[in-house]
């Protein structure tokens, strides 16, 4: 289930508020300029589907965002708990950074936690299958995929070179909860 926890930037232990209804999450994030939507596939996506098949299943929403926001490049990223570089990849995203373009992710499967540092608050957004988040350029944030990551996500870019981070040097991310590994289904 999607979840938004809002903290004071000075206290990563006790949320000021918690939201689990999609409409409430979208409203809270919209108030600070962050896009949060839910998408449904236009056609079924089979396990192991190719990048082209995944993109085709969400083509209408992808094209809508490209028209609205000018995104030029689209790809699919996938990470599993057995990926040999998972620890290094996780560490790369855990430090606060910004981008010179929006960071847009749609979760086809799995989950990931975006944490946004906006003003004097920290917005921790657990994104799950069906969620799209659009983090505006210049927004301080970090991303956690847990020690045992599992997600498939569509990424949209205005910069055809893709993801380029500008790290802030702040240690704030270490003061907030990390994403726990998801228990395996029995």
Only one of 61, 75 is surrounded by fewer than 20 Cβ atoms within 10 Å (Cβ to Cβ), in contact (Cβ under 8 Å) with a residue 60 or more places away in the chain and part of a helix (DSSP H, G or I), namely 61
Being farther than 24 Å from residue 138 by Cβ, at pLDDT below 95, over 19 Å from the mean Cα position of the chain (by Cα) and in a loop (DSSP other than H, G, I, E, B) narrows 15, 47 down to just 47
Considering region 144-176, residues that are in a loop (DSSP other than H, G, I, E, B) and closer than 14 Å to residue 114 by Cα, and then whichever is farthest from the chain's Cα centre (by Cα), we arrive at 176
Checklist entry - Do we find that residue 6 is at pLDDT below 95, in a strand (DSSP E or B) and at negative phi in this structure? => result no
When restricted to 83, 141, the only residue outside any strand (DSSP E or B) and either modelled with pLDDT under 95 or under 21 Å from residue 9 (Cα atoms) (or both) is 83
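For (1) over 15 Å from residue 38 (Cα atoms); (2) touching a helix residue (DSSP H, G or I) at 6+ places or on another chain (Cβ under 6 Å), each residue gets a yes or a no:
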position	(1), (2)
96	yes, yes
100	yes, no
106	no, no
109	no, no
118	yes, no
127	no, no
134	no, no
Taking region 11-32 and keeping residues loosely packed, with under 13 Cβ neighbours inside 10 Å and touching a residue at least 40 places away in the same chain (Cβ under 8 Å) leaves 16
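The values are calculated or read from the model by the stated rules, or taken from the named source; none is laboratory data. Keep in mind that what you see is a predicted model, and the values were worked out from it rather than measured. Please note: Cβ atoms are built from the backbone with ideal geometry, for glycine as well, and neighbour counts cover all protein chains shown.
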